[in-house]
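Engineer: One structure follows; several queries about it will come next.
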Amino acid sequence: MPWVNHRHLDESPSSNISSGNVLIQGLDIVILLKNRPNEDLVKGDVGSVVFIDEGGKAFEVEFTTLAGDPLGVLTLAEDEIRPVSARDVPHVRVA
């Protein structure tokens with residue numbers, strides 16, 4: 001029997017939608033939208049929001065390997081990250 005996804009593809013489990021804007025909250029999983037070569041992070045890397053400051057305009061995001069080893073904690077602007085969506089597929093790279 002083939003695998004069946006019962007969720008709608010536009011659902012996002014970790015975000016709230018308000019006035020058309022997706023709100024990122026503490027402990028949400030987010031996707032990096034820009035390369036950060038000085039920190040050895042690339043677009044598409046996955047992190048967790050550990051702190052929100054400046055009224056939601058800056059986010060402390062922790063990046064780890066899949067084994068849980070830390071890669072770094074960065075302060076990122078809201079245009080540098082996005083919440084995960086139901087359509088995202090993880091990929092592996094060696095850090």
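Engineer: With a cut-off of at least 2 residues that are open to solvent by 70 Å² or more (accessible area, probe 1.4 Å) and within 20 Å of Gln25 (Cα to Cα), name the strands (runs of 3 or more DSSP E) lying wholly within the range 43-95. Explain how you work it out, then say what you get.
Structural biologist: Numbers: elements: 46-53, 58-64, 70-77, 81-83.
Once the strands (runs of 3 or more DSSP E) in the range 43-95 are filtered for at least 2 residues that are open to solvent by 70 Å² or more (accessible area, probe 1.4 Å) and within 20 Å of Gln25 (Cα to Cα), what remains is 46-53, 70-77.
Engineer: Residue check: is Val42 more than 10 Å from the chain's Cα centre (by Cα) and at negative phi? Break it down into steps so the answer makes sense when it comes.
Structural biologist: Values: more than 10 Å from the chain's Cα centre (by Cα): yes; at negative phi: yes.
It is true that Val42 is more than 10 Å from the chain's Cα centre (by Cα) and at negative phi.
Engineer: A further question on this structure: Enumerate the pairs (first residue in the range 67-84 and closer than 14 Å to Ser48 by Cβ; second residue anywhere and hydroxyl-bearing (Ser, Thr, Tyr)) with beta-carbon separation below 7 Å, excluding pairs fewer than 6 apart on the same chain, so at least 6 apart or on different chains.
Structural biologist: Close Cβ pairs (under 7 Å, with a partner that is hydroxyl-bearing (Ser, Thr, Tyr)) amount to Pro70/Thr64; Leu71/Thr64; Leu71/Thr65; Pro83/Ser12; Pro83/Ser14; Pro83/Ser15; Val84/Ser12; Val84/Ser14.
The values are calculated or read from the model by the stated rules, or taken from the named source; none is laboratory data. Keep in mind that this is a model prediction, so the values were computed, not measured. Using ideal geometry, Cβ is built from the backbone for each residue, glycine included, and neighbour counts are taken over all protein chains shown. Accessible surface is based on the protein model in full, side chains and every heavy atom, while ligands, DNA and RNA are left aside. Shrake-Rupley method; radii C 1.70, N 1.55, O 1.52, S 1.80 Å.
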